[in-house]
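The values are calculated or read from the model by the stated rules, or taken from the named source; none is laboratory data. Source: prediction; values computed, not measured. Counting neighbours? That spans all protein chains shown, and the Cβs are built from the backbone with ideal geometry, glycine included.
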Amino acid sequence: MRNRPVDRLHWTQVLVFTLALALALTATRVRASDLSYTFVDFGALGVDSSLTGQQSPAPGQTVSVTTQKGDGLGVAGSLALGKRFYLAGSYRSAVMDVNAVVTSRLATAATSGNFDLLLTRFGFGYVQPIGQRLDFVVELGRDKAEYDFGSFAGESFDVEDTALAAELGLRFHATKGLELFVAARGSDVGQVDLTRRRFDSGTEVSAGLRFYFFEDLGLGVDYRSGDVNSLALSLRFGFGELHVGGR
């Protein structure tokens, strides 16, 4: 269902600004860090949220839901394009718990179940080195979010849509085998309203670290805070030329 408001000027402005900033920074000649932008990540994640919604599938009857915890899997990848650009994509799938209360004129019943949460992202990124150990990253792309609840009493809380997205981040090569990273990503599917079955713009903040056993193998931990919070543990496999600067 696609009921997002027509006005998308806010995120259009963000995309134009970040793209202009990335192009302007290409004139700066700074030696790149040793961080890889050609890799594949595989990981497991725990998720948590407290979203609520209410529907009235029939006269005199209401169904209220509250989302809970869950777990899932994720895969992500990136392909370096030359020294400063890259293509990126990710897919996260989680099965989450949900509590429901069905109220009618005759009785009130509490029940529970599960729902599927699917998050897909694609983006085109630009890397601007800041010194020799820190990279500033700008990424523009599209996000797709799907909430698949099924039904408890004939209602539907399912919602799905895609939208433009923009991300700003920093990757810091702290030591030879340790990377720290932080990012903020905004999109028009950043927040979900289950009652109205629509998305609104929202921002997700993420932070974490990655320890590299070898140059092309690392163990990462990252936390994402937004409409749905998640904690992920992943393995990163690097491929090909690992230096953005091509040293």
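Name, by its number, the condition in (1) in contact (Cβ under 8 Å) with a residue 40 or more places away in the chain; (2) surrounded by 15 or more Cβ atoms within 10 Å (Cβ to Cβ) that does not hold for SER93.
Failing condition for SER93: (1).
Among the strands (runs of 3 or more DSSP E) lying completely within segment 32-90, list those that include at least 2 residues that are among the charged types (D, E, K, R).
Details: elements: 39-48, 52-58, 61-81.
Strands (runs of 3 or more DSSP E) meeting the threshold: 39-48, 61-81.
Here is a check on your reading of the model: is ALA109 free of Cβ contacts under 8 Å to residues at least 24 places away in the same chain and either part of a strand (DSSP E or B) or crowded, with 17+ Cβ neighbours inside 10 Å (or both)? Let's see the steps before the verdict.
Details: free of Cβ contacts under 8 Å to residues at least 24 places away in the same chain: yes; either part of a strand (DSSP E or B) or crowded, with 17+ Cβ neighbours inside 10 Å (or both): yes.
So ALA109 fits the description; yes.
Return a yes/no flag: does segment 100-108 have any residue that is modelled with pLDDT of 95 or more and either on the phi > 0 side of the Ramachandran plot or in contact with a Leu (Cβ under 9 Å, 6 or more places away or on another chain) (or both).
Within segment 100-108, none of the residues are modelled with pLDDT of 95 or more and either on the phi > 0 side of the Ramachandran plot or in contact with a Leu (Cβ under 9 Å, 6 or more places away or on another chain) (or both).
Just wondering, is there one or more residues in segment 133-151 that are in contact (Cβ under 8 Å) with a residue 12 or more places away in the chain, in a loop (DSSP other than H, G, I, E, B), more than 30 Å from SER104 (Cβ to Cβ) and of a type outside the set (Val, Ile, Thr)?
Among the residues of segment 133-151, at least one is in contact (Cβ under 8 Å) with a residue 12 or more places away in the chain, in a loop (DSSP other than H, G, I, E, B), more than 30 Å from SER104 (Cβ to Cβ) and of a type outside the set (Val, Ile, Thr), which makes the answer yes.
Checking the condition surrounded by 16 or more Cβ atoms within 10 Å (Cβ to Cβ), acidic (Asp, Glu), at pLDDT below 95 and in a strand (DSSP E or B), which residue from ASP200, ASP227, ASP188, ASP161 passes? Explain how you work it out, then say what you get.
Numbers: ASP200 fails: surrounded by 16 or more Cβ atoms within 10 Å (Cβ to Cβ); ASP227 fails: in a strand (DSSP E or B); ASP161 fails: at pLDDT below 95.
Sole residue among the options that is surrounded by 16 or more Cβ atoms within 10 Å (Cβ to Cβ), acidic (Asp, Glu), at pLDDT below 95 and in a strand (DSSP E or B): ASP188.
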